[in-house]
Each structure stands twice: as structure tokens, then as C-alpha cells.
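Data first, discussion second: the structure below is written as C-alpha cells.
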Amino acid sequence: MQPALASPIATFAARAVFFAGLWWILTLGAPSAWGFGAVVIVLVAWLSVLLFPPSIHRLHPLGLVQFIAYFLGHSVLAGVDVARRLLTPSLAITPGEITLSLRLPEGGPRWLLANTLSLMPGTLSVHFDNNLLTVHCLDTSVDIEAGVRRAESQVARAFRIPLAPWEGAQS
Amino acid sequence: MFDGLVMVVQLILLVSGCVFFALGSLGLFRFPDTLTRIHALTKADNLGLGFIVLALLPLAPSFSAGLKTLLIWVVALAASATSAHLVARAVRGGITDGSPTEDNND
């Protein structure tokens, strides 16, 4: 079930296509920009392969679309949640921290999870220590772990990583 | 008729976007310490910018210009999540930023 590692050349090509798309967006498709753009795209793609070598964890289109849908929905929930707490006269927060052990492998998936959690309702990634993630929460009275686990499984689905089911709460 | 409807939706989105930005800033004053303030800033600004980007999309003169507007939101999100994490880590690591925080109680 372990996917094969992509060759550096294939990764370079795929990233060059991605950067070409970005360049097209940035220059609003101006034809005169492509001469300079071609040089930049090749250099940046080459540098990205040097800095971030090919990984076995790749995003899959369908999983990514599902992840984006989840992310957009929860962005709205997060904004409304924080606004509601702010506008409550008594300031409805009971801040605290929890530390969880992650099931995601190192690298891209964990990075995506940490950044996602910082934008999801009531959580903020604070600290990584091996596979332990410390999360700061706005309200410790709600079930934080369930939210983190849901985000974790969404990230896993975007990368097609099989996850072991988590067993209950662990503080 | 359709144009008018689009304008009304745009107006609502723009106003909600500004409201969320204002709420994020209000969070800086109301929340008690650095970490909770980051909560307010990241989440409220993410949503505020998202609403403003959505409102501006119908005004984009071309498809690529629309994508560029969306790209601004994506890049701002990545920057906001990353800086939130870095600030949080700095606070936890005992590096103070000079502002009064109440983070030293656990």
C-alpha cells in the first residue's frame, strides 16, 4: 500500500507546470511575460526540488477538493465562533492547552494539519515535539480532540494516507 | 435585475468582510493574552478577507484576474497560519514580545 517515490525529474516537471500556472495568474496571461517567466519557472522548480525533495505523500485531486470543501465550511464556523465569543459581554472563553499524539506521518501532512488547525474553530497549533502536537484552545469545555481528529482524517484523505482509528479521549 | 442582485450580494459580502476584520481587531483589545488574541486575528481575518475576495470576484475583468484575487486569499491564509504558529511558539518558548501577557501560569 506504500506508494512509490516519484523521481526528481517527474517532480521537477510537475512543479514546473504548477509554477507556470501561477506565473500565468500573476501576469494575467500577458504574452510578453513568458520569456522572463520561463527562466524563473525553471529556476524556481529546480530550487524547490533541492529544498523539498520528492515525497511519498502527494495530494490527490479528489481528496484535495473534499479537503477544500471541509476547510471553507469550517473557516466560516471558526470566524463566527470567535466573533460570538468576542461579542459576549462576559467573554465566553476558557483558554487552555491539550497535547495530542498525531497519526499522520512527518512532512507535508503534519505541516498541513498544523496550519489547518490554526484556522479551524477554537484551535491554534503551538508546538511540535516528534509526533506530539500541542494545541492551544479558546474553550477547553468543548470536545477539542474530536475536532482535531476530524481535521486529521481530512488531511489524511487529501494525501490518501490510511489512518488507524483513534481510541477515545487522551488528555 | 440580475446585475442588481449581484450588487446586493457583493455589498453584503463586503460589509460582512469589514465587520469580521473589525471583530478581529476588537479581539486584540478584549482577549486577555497573546495566544487568545492570535485566535481572534487568524480566524476573523481569514473569514473577513474571504468575504471581500468573494465580493470582488464578479468585478474581475478576466478569468486570470479572478484567479489572482483568489490566490491573494490563499497566500494570506498560509502567511497568517504560519505567523500565528511562529508567534505562538515564541510565546511558549518564553520569548516575550514586550506586551503584557498572562501566559506564564501553566
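Just so it is clear, none of the values below were taken in a lab; they were calculated from the coordinates. Note that the structure is predicted; figures quoted are calculated from it, not measured. Cβ placement follows ideal geometry from the backbone for every residue including glycine, while neighbour counts extend to all protein chains displayed.
Table for the structure above
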quantity	calculated
Out of A:86, A:91, A:100, A:104, sole residue that is more than 26 Å from residue B:70 (Cα to Cα) and touching a Gly at 6+ places or on another chain (Cβ under 6 Å)	A:86
Condition met for residue A:107 (within 20 Å of residue B:76 (Cα to Cα) and either β-branched (Val, Ile, Thr) or surrounded by 13 or more Cβ atoms within 10 Å (Cβ to Cβ) (or both))	no
Search result, residues across segment A:52-66 that are part of a helix (DSSP H, G or I), more than 13 Å from every other protein chain (Cβ to nearest Cβ) and touching a residue at least 40 places away in the same chain (Cβ under 8 Å)	A:63, A:66
All positions within segment A:84-95 that are more than 7 Å from chain B (Cβ to nearest Cβ) and in a helix (DSSP H, G or I)	A:84, A:85, A:87
Of all residues in segment B:78-89 being within 18 Å of residue A:79 (Cα to Cα) and crowded, with 20+ Cβ neighbours inside 10 Å, the one that is farthest from the other protein chains (Cβ to nearest Cβ)	B:80
Strands (runs of 3 or more DSSP E) completely within segment A:96-167 that count 3 or more residues being under 23 Å from residue A:64 (Cα atoms) and away from chain B (no Cβ under 12 Å)	none
Restricting segment B:50-77 to residues that are surrounded by fewer than 21 Cβ atoms within 10 Å (Cβ to Cβ) and facing chain A (nearest Cβ under 7 Å), the residue that is nearest to residue A:126 (Cα to Cα)	B:71
Inter-residue pairs, beta-carbon under 7 Å, first at the interface with chain A (Cβ under 7 Å from one of its Cβ atoms) and in segment B:35-49, second assigned to a helix (DSSP H, G or I) and β-branched (Val, Ile, Thr), 6+ apart	B:35/B:91; B:38/B:87; B:39/A:82; B:40/A:82; B:43/A:82; B:44/A:82; B:47/A:76
Residue B:3 vs. criteria surrounded by fewer than 21 Cβ atoms within 10 Å (Cβ to Cβ), among the acidic types (Asp, Glu) and over 28 Å from residue A:28 (Cα atoms)	no
Single condition residue A:81 does not satisfy, out of (1) in a helix (DSSP H, G or I); (2) surrounded by fewer than 16 Cβ atoms within 10 Å (Cβ to Cβ); (3) acidic (Asp, Glu)	(2)
